[in-house]
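Trainee: Below you will find the structure I want to go over with you.
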Amino acid sequence: MRTDTVRPRRKKPAALARSSPRRMRRASTAADAPAVRAPRDPLELRVLQSFRTIVGATRAHDAQVRARTGISGSQLWALAEICREGGMSVNAVAERLALHQTTASNLANALSERRLIRRLRDQADQRVVRLYATADGMRLLVRAPRPYTGLLVDALRRLEAPGLSRLSRELASLLAAMRPAGAVAGGEMLTGE
């Protein structure tokens, strides 16, 4: 014959019952959180949504580039520049794409590994390495979605000078308000990488 024994539940001491880890986390989070002010007006939310749309569109274009070519949007842009002006140095690619030299070198390495570009030493100065598109690189470029520069750079190039200047000033103000976090991202891969 089986007898079921029920163990009595042990009660937590009153102090622990009132301050469970979950409650403590919630209380400390609320107390430690900085005060967040409500948006000034719907304009703030529209601007935020515009940034989200820009980021989303650039990501979607990069995904399309990757699906059709197997390379990233930044690699496609670098390849297009190398095809357009054969014999570029890595420094010239960095300047053209507004990237740090190390980032441009990494792009060139990735393209070289895929045999989309080749490197040749300059005849006059053996220290300088020139980049040239291969036949495979040129074929890939033909089937790649446009714009090769990506949607953001293409849109910036189509802005009139006064509008671009105004946008630059406003973005500088926004970046200044975001410092120091925004300073780290300068010169890295463009959005979509």
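Trainee: Residues of segment 107-131 being loosely packed, with under 12 Cβ neighbours inside 10 Å and either modelled with pLDDT of 95 or more or closer than 24 Å to Gly150 by Cβ (or both), which ones?
Mentor: Glu113, Arg115
Trainee: Sticking with this structure for a sec: Go through segment 145-161 and report how many residues are under 16 Å from Ser74 (Cα atoms) and not in a helix (DSSP H, G or I).
Mentor: Of the residues in segment 145-161, 6 are under 16 Å from Ser74 (Cα atoms) and not in a helix (DSSP H, G or I).
Trainee: Follow-up. Do we find that Ala104 is at pLDDT below 95, more than 30 Å from Ala133 (Cα to Cα) and of a type outside the set (S, T, N, Q) in this structure?
Mentor: No.
Trainee: Can you spot a residue in segment 112-130 that is under 18 Å from the mean Cα position of the chain (by Cα) and within 26 Å of Asp154 (Cβ to Cβ)? Please lay out each step first, then the result.
Mentor: Step one: of segment 112-130, the residues under 18 Å from the mean Cα position of the chain (by Cα) are none.
The answer is no, given that none of the residues of segment 112-130 is under 18 Å from the mean Cα position of the chain (by Cα) and within 26 Å of Asp154 (Cβ to Cβ).
Trainee: Which condition breaks for Glu85 when tested against (1) in contact with a Pro (Cβ under 8 Å, 6 or more places away or on another chain); (2) among the charged types (D, E, K, R); (3) under 22 Å from Leu131 (Cβ atoms)?
Mentor: So the condition that Glu85 fails would be (1).
Trainee: Looking only at residues that are touching a Gly at 6+ places or on another chain (Cβ under 9 Å) and among the β-branched types (Val, Ile, Thr) in segment 44-95, which one is nearest to Arg115 (Cα to Cα)?
Mentor: Checking each candidate, the answer is Ile82.
Trainee: Hey, another quick one. What do you reckon, is Ala155 over 23 Å from Asn91 (Cβ atoms), of a type in the set (Gly, Ala, Ser), surrounded by 14 or more Cβ atoms within 10 Å (Cβ to Cβ) and in contact (Cβ under 8 Å) with a residue 24 or more places away in the chain?
Mentor: no
Trainee: Could we say that Leu141 is under 12 Å from Trp77 (Cα atoms) and either assigned to a helix (DSSP H, G or I) or within 23 Å of the chain's Cα centre (by Cα) (or both) here?
Mentor: It is true that Leu141 is under 12 Å from Trp77 (Cα atoms) and either assigned to a helix (DSSP H, G or I) or within 23 Å of the chain's Cα centre (by Cα) (or both).
Trainee: Scan segment 98-119 for residues that are in contact (Cβ under 8 Å) with a residue 24 or more places away in the chain and either among the charged types (D, E, K, R) or within 18 Å of Gly137 (Cα to Cα) (or both) and jot them down.
Mentor: If the condition is that a residue be in contact (Cβ under 8 Å) with a residue 24 or more places away in the chain and either among the charged types (D, E, K, R) or within 18 Å of Gly137 (Cα to Cα) (or both), then Ala104, Leu107, Ala108, Ala110, Leu111, Arg114, Leu116, Ile117 are the ones that fit.
Trainee: Restricting to segment 81-96, what's the tally of residues that are of a type outside the set (Asp, Glu) and either surrounded by 19 or more Cβ atoms within 10 Å (Cβ to Cβ) or in a loop (DSSP other than H, G, I, E, B) (or both)?
Mentor: Adding up the residues that qualify gives 9.
The values are calculated or read from the model by the stated rules, or taken from the named source; none is laboratory data. What you see is a predicted model; the values in this text were computed from it and never measured. Reconstructed Cβ throughout: ideal geometry from the backbone, glycine too, with neighbour counts over all protein chains shown.
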